[in-house]
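What follows is a single structure, written as structure tokens, with notes after it.
The values are calculated or read from the model by the stated rules, or taken from the named source; none is laboratory data. The shown structure was predicted, so the numbers you read here are calculated from the model rather than taken from an experiment. Cβ sites come from the backbone with ideal geometry, for glycine too, and all protein chains shown count toward neighbours. Heavy atoms of the whole protein, side chains included, go into the accessibility calculation; ligands, DNA and RNA do not. Shrake-Rupley method; radii C 1.70, N 1.55, O 1.52, S 1.80 Å.
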Amino acid sequence: MKVIYTDSLVIGGGLAGLRVAIASMQRGFDTIVLSLVPAKRSHSAAAQGGMQASLGATIKGDGDDEEIHFGDTVRGSDWGCDQDVARMFVNTAPKAIRQLSAWGVPWSRVRRGDREVVINGKKVTITEKNEAHGLITARDFGGTKKWRTCYTSDGAGHTMLYTMDNKAIQMGIPVHERKEAIALIHEDGVCYGAIVRDLITGELMAYVAKATTIATGGYGRLYAISTNAVISEGIGNAIALETGIATLGNMEAVQFHPTAIVPVGILTTEGCRGDGGLLLDKDGYRFMPDYEPDKKELASRDVVSRRMTEHMRKGKGVPSRYGDHLWLDITLLGRKHIEKNLREVKEICEYFLGIDPVEELIPVRPTQHYSMGGIRTKASGESPTLKGLFSAGEAACWDMHGFNRLGGNSVAETVVAGMIVGEYVADYCEQNPLNVSTSTIQHFMKQEEKKISDLLVRDFGENPFELKAAMQKIMMDKVGIFRNGEDLEQAVEDLKVLNQRAKKIALRNRISSSNPELVEAIRVPKMIKLALCVAYGAWLRTESRGAHSREDYLERNDRDWLKRTLTTWKDDSADLPEVSYEDLDIMKMEMPPGSRGYGVDNTVHHPDTARREQEIEEIKKANPGADRFELQQLLNPITIPEKFKGKNERIGRGFK
Amino acid sequence: MSDQERILKFQIFRYNPQKKGDKPRMVTYEVTEAPGMTIFIALNDIREHQDPSLQFDFVCRAGICGSCAMVVNGQPTLACRTLTSNYENGEIKLLPLPGFELIGDLSVNTGKFMRAMSERVESWIHDQNADKVNFEKLEERMDPDVADQIYELERCVECGCCVSACATKRMRPDFLSAVGFMRLARFALDPRDKRTDQEFYEIMGDDDGVFGCMTLLGCEDYCPKDLPHQTQIAYLRRKMVFVK
């Protein structure tokens, strides 16, 4: 049995995983990163638009700070997020971006003087301040009160990931590529690493560690059409689920991005609309102002995606052989802007659609994009139920996004969570000896060996590719943007059947080394379990909140549903996860639930909301001299690693 | 895009070094073309419906991550964004990218090569203060044009097309190649990197470095991101030749 020991094992080589690895290495702990692919090819690289951080250097971000970023994030989450975590996040994001700047990201900078921008379909001249020249600039994104999304052209994820991986290389952090963690090793409620399969040789190895961090990204590929990379299959989430101890949070919270190209589902960044692009229907009519007169195309993502779908249902979509779509119009931005700031978009249009977006409209429609749900963690990033297991980034339900993530808050989360969780991982390594019996390691190794050898000897059975396609179709048809009880119940029933069939997979290519069919056979049963968590959670949640939109329960129901869904899979022979709920305590909220300001407000309020509002008023009255930092301490005292506690400087206001 | 279905003929290099006794060979597969079909879609179709053992690498399938470079009808390129409709006679021949360790079929180990390249050129900001920076304070300013210029050179996706198209690399196994030069040019341009020309010379001032380039410029011809390899190699050579 091949066993590799380390202090900090990080599963996933994207932004979040690398940043956790850097943090534990900086604190002197032996660290190994496992990755399915070379780290620089991780899905983080595909983030085009940018990273939110309230630097407030551009004139359109003037006056921005942590409070406004916090408000946008909580509102965007439809009050489903953990406000402690959102607070830690907004306070640390400016530090994260400035650290990345020192490490090498060529963030686009403010240029002093006049420049022409497109706002609400019209050309407008804005004047950047002289004293802001050379500082990191920002663009507009949906659901934000200020221009806060910092970027490098439209390659923010690429430059961030390259800088982060280069930093990891500089520090000598080993990245073991083409390795897949297929099970976690745990004993008495403590996680000790993972059983890992080498995707080239097929060898199984035990990576034994004090702390294990899962940073494997989202589970978008549960859907047939997704903007996600093909490796975003949620396997990190699934191996946590399969422990029967770790919990997954809010798996039904799945985001659909308004503008993926038709039919292949490749993303065109929100930066297109942030920079002034418009959505048009089959008549060339700009319809968003009719639905959302205030934010128009720049309403929150879940809202825009729903409005687009509604509009297409009214017969206003553009018919095509792949179904209806709408148009994204960026022609008004002009060639110069597109070729500089939206170049990836231009390339994608040229290569995949054969059109020039400088002159032609882009066919788009809402497409699965982001997984708000994931491994439930405490604010420290550790699983509340399985000690020593951490998670960060999209794989986690750290829970700063609740039921809808704002554009620009995902790559921001990866690096901020990486910093914060990384410190807690290092603390854990410091405080805990590695104390696991070899028989436990062997038990998990044998279990995985047996699963694989069973697959390799079975003569007849199910085709893993077919099972996967069937699952993806169910998720597309029945667990999409608009959901209803009837469809969801059917989806759960259909997935239960697939879950049984997945126990009888047989291979045509029966070799244990490098074998794509075997990879699929290992993953598909795990993915079906995750799909069941999503569909079942969505069926049970009889309200509409953020991206979870029920046609049979239109209202956001704080009274009954201001709570987080937790799923576990304790009995491997079961066909459904066990579901429980965790209340969000309004009496501890810095910002009690209110209206997001979209459409009709039909919220069913929780009795605590008014109580908390009154309590906050009283606290404010009792502390008339308190500044925003003192007030935050009174309303939402959070624990944050010492090194990230400082205030953030901005031009024109210093550290205030 | 024509609505008429046609049958594409794929000739694909097959060889699995992990499998005892396996021999390199070309195998032909037929696929019914669909509108907007890319090589990514076609290869998955073959794997799912004809041969589940077929190995290839795709990650983003959007031309962003650089995983899927292969030789398509003699030209190294990103397979994910290559439309099958580009090939008039419907015959498409796929070979793995030369110059890299073969994993199997169309899959090559670019990751190992690129990590070694990054270590060799020390692909990071060299500044002792980078880790001591006070991130509570305003970031160091940068000229907006310089930031844009750095990004221009940082757009490389490490796909390996330049390496596979490089004649010098064929003759000199340790030749740094265009991907390495582009990375060096990117850091040489960056005011945050405090390395001197002498230090850069230590990395690339020999025949396995920038002076080995025969300027046949396959890198420039085949870079899927249209990076200015020719200009940057010339720039680095000029810069290095003046190092005392």
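Roughly speaking, what is the stretch gain from residue A:187 to residue A:489, that is 0.36 nm per residue apart minus the C-alpha to C-alpha distance, in nm to one decimal?
105.2 nm
Taking the Cα atoms only, what angle lies between the long axis of helix B:177-189 and the longest principal axis of chain B, rounded to 10 degrees?
It is inclined by approximately 30 degrees.
Loop-only chymotrypsin sites (Phe, Trp or Tyr not before Pro) in the range A:455-540, please: DSSP not H, G, I, E or B, and at most 16 other Cβ atoms within 10 Å.
Values: sites: A:460, A:465, A:482, A:536, A:539; in loops: A:460.
Those that pass, being in a loop and sparsely packed, are A:460.
Give me the percent of DSSP beta bridges within the protein assembly as shown that run antiparallel, rounded to the nearest 5.
70 percent
Where in the range A:362-393 does the amide nitrogen come within less than 19 Å of the point 7 Å from the Cα of residue A:432, taken along Cα to Cβ?
Residues A:375-393 qualify, since their backbone N sits under 19 Å from the label point.
Students often check this: by mean Cβ neighbours within 10 Å, which of A:219-226, A:388-395 ranks highest, and how do the rest follow? Kindly include the intermediate steps, with their values, before the conclusion.
Numbers: A:219-226: 25.2, A:388-395: 31.6.
For the peptides A:219-226, A:388-395, the packing ranking is A:388-395, A:219-226.
With a Förster radius of 56 Å, plug the Cβ-Cβ distance of residue A:131 and residue A:356 into 1/(1 + (r/R0)^6) and report the FRET value to the nearest 0.05.
In this case the efficiency is close to 0.90.
Would you mind pulling out the separation of the Cα centroids of the range A:476-513 and the range A:214-265, in Å?
So the two Cα centres are separated by 15 Å.
Where the convex hull is taken over the Cα atoms of the range A:404-532, what is its projected area averaged over directions, in nm²?
12.0 nm²
Compute the accessible area per residue over chain A, keeping the other protein chains in place, probe 1.4 Å, unit Å².
Numbers: 20870 Å² over 656 residues.
Averaged over the residues of chain A, the accessible area is 32 Å².
Once you place label points 7 Å from the Cα toward the Cβ at residue B:141 and residue A:171, how far apart are they in nm?
3.1 nm
Within the range A:221-309, what whole-number % of the accessible surface is contributed by carbon and sulfur, with the 1.4 Å probe and all protein chains included in the calculation?
52 percent
Give me the distance between the Cα centres of the range A:536-603 and the range A:86-142, rounded to whole Å.
35 Å
Based on alpha-carbon atoms only, what is the radius of gyration of the protein assembly as shown relative to the globular estimate 2.2 N^0.38 Å?
0.90
Report, as a whole number in µm² per second, the diffusion coefficient that Stokes-Einstein gives for the range B:105-173 at 10 °C and 1.306 mPa s using the Kirkwood radius over alpha carbon pairs.
102 µm²/s
Taking a cut-off of 21 Å, what percent of all Cα-Cα pairs in the range A:12-110 are separated by more than that?
Values: 2334 of 4851 pairs.
Tail of the P(r) past 21 Å holds 48 percent of the pairs.
Compute log10 of I(q)/I(0) for the range A:1-68 with the Debye formula, placing one identical point scatterer on every Cα and leaving out solvent, at q = 0.11, 0.20, 0.21, 0.26 Å⁻¹, to two decimals.
Results for the range A:1-68 at q = 0.11, 0.20, 0.21, 0.26 Å⁻¹ read -0.45, -0.86, -0.89, -1.05.
In the range B:24-60, which residues have a backbone nitrogen under 17 Å from the label point lying 7 Å from residue A:321's Cα in the Cα-to-Cβ direction?
B:31-39, B:41-42, by backbone N distance to the label point.
Hey, quick one: spin label on residue A:124, modelled 7 Å out along Cα-Cβ, who in the range A:40-84 has an amide N within reach, i.e. under 16 Å?
Within reach of a label on residue A:124, which here means backbone N under 16 Å from a point 7 Å along Cα→Cβ, the range A:40-84 contributes A:58-64.
Would you please give the FRET efficiency between residue B:20 and residue A:614, computed as 1/(1 + (r/R0)^6) with r the Cβ-Cβ distance and R0 = 60 Å, to the nearest 0.05?
0.20
Would you mind getting me the FRET efficiency between residue A:595 and residue A:26? Use the beta-carbon distance for r and R0 = 35 Å, nearest 0.05.
0.20
Of the heavy-atom accessible surface of the range A:91-201 (probe 1.4 angstrom), what whole percent is carbon and sulfur?
Exposed carbon and sulfur together represent 46 percent of the surface.
Tabulate in residue order the Karplus-calculated ³J(HN,Hα) for the range A:533-538, using 6.51 cos²θ - 1.76 cosθ + 1.60 with θ = phi - 60°, rounded to whole Hz; enter x for Gly and Pro.
Per residue, the Karplus-derived 3J(HN,Hα) values read 4, 5, 5, 5, x, 5 Hz.
If I take all pairs of Cα atoms in the range B:1-119, what percentage of them are more than 16 Å from each other?
Here the long-distance tail beyond 16 Å is 61 percent of all Cα pairs in the range B:1-119.
Mind checking Rg over Rh on the range B:120-160, alpha carbons, Kirkwood formula for Rh?
A ratio of 1.05.
Considering only Cα-Cα distances, which of the following residue pairs are longer than 29 Å: A:95/A:378; A:588/A:647; A:60/A:167; A:146/A:340; A:167/B:23; A:123/A:346? Present the calculation step by step, with values, prior to reporting the outcome.
On the way: A:95/A:378 22 Å; A:588/A:647 23 Å; A:60/A:167 32 Å; A:146/A:340 22 Å; A:167/B:23 41 Å; A:123/A:346 21 Å.
Checking Cα-Cα distances, A:60/A:167; A:167/B:23 exceed 29 Å.
Other chains near A:508-517: what is the mean number of their Cβ atoms within 10 Å of each residue's Cβ?
6
Mind checking the mean number of beta-carbon atoms from other chains within 10 Å of the Cβ atoms in A:32-40?
Per residue, the number of nearby Cβ atoms from other chains is 4 on average.
Taking K and R as +1 and D and E as -1, what net charge do the other residues with C-beta under 12 Å from the C-beta of residue B:81 add up to?
Computed value for this residue: -1.
Only protein chains counted, 1.4 angstrom probe. Which residues of the range A:159-180 are at least 20 Å² less accessible in the assembly than when their chain is isolated?
A:159, A:162, A:166, A:167, A:169, A:170, A:177, A:178
Could you please report the charge total around residue A:524, scoring K, R as +1 and D, E as -1 over all other residues with beta-carbon less than 13 angstrom from its beta-carbon?
Details: positive: A:221, A:451, A:468, A:501, A:503, A:504, A:523, A:526, A:529; negative: A:233, A:462, A:466, A:517, A:520, B:48.
So the surrounding residues net to +3.
Give the interface area between chains B and A as buried accessible surface, both sides summed, probe 1.4 Å, in Å² to the nearest 100.
Its buried surface, counting both partners, is about 6500 Å².
Run a plain Debye calculation on the range A:90-215 (Cα atoms as equal point scatterers, no solvent) and give log10 I(q)/I(0) at q = 0.15, 0.16 Å⁻¹, rounded to two decimals, same order as the q list.
Rounded to two decimals, the profile gives -0.88, -0.94.
Rounded to two decimals, what is the ratio between the C-alpha radius of gyration of the range B:86-220 and 2.2 N^0.38 Å?
Against the empirical 2.2 N^0.38 Å value, I get 1.27 for the range B:86-220.
Could you work out how far apart the two model spin labels at residue A:509 and residue A:572 are, taking each label as a point 7 Å from the Cα in the direction of the beta carbon, and quote it in nm?
That separation, rounded to one decimal, is 2.7 nm.
So for the pair residue A:114, residue B:5, with labels modelled 7 Å out along Cα→Cβ, what separation do we get in nm?
6.0 nm
So, in Å, what gap is there between the alpha-carbon centers of the range A:150-212 and the range A:1-67?
A separation of 11 Å, based on Cα centres.
Output the residues of the range A:224-239 meeting this criterion: accessible area (heavy atoms, 1.4 Å probe) in the chain alone minus accessible area with all protein chains in place is 50 Å² or greater.
Listed by number, the residues meeting the 50 Å² cut-off are A:230.
What Kirkwood Rh does chain B have if only Cα atoms enter the pairwise 1/r average? Answer in Å. Could you put the intermediate results ahead of the total?
Working: mean 1/r = 0.0502 Å⁻¹.
Computed over chain B, the radius equals 19.9 Å.
Report the net charge of residues surrounding residue A:70, where surrounding means a beta-carbon distance below 13 angstrom and charges are Lys +1, Arg +1, Asp -1, Glu -1.
Details: positive: A:75, A:87, A:145, A:146, A:148, A:628; negative: A:64, A:65, A:66, A:67, A:72, A:82, A:84, A:590.
That works out to -2.
Quick check: the angle from helix B:39-49's long axis to the longest principal axis of chain B, C-alpha only, nearest 10 degrees?
Relative to chain B, helix B:39-49 is tipped by roughly 50 degrees.
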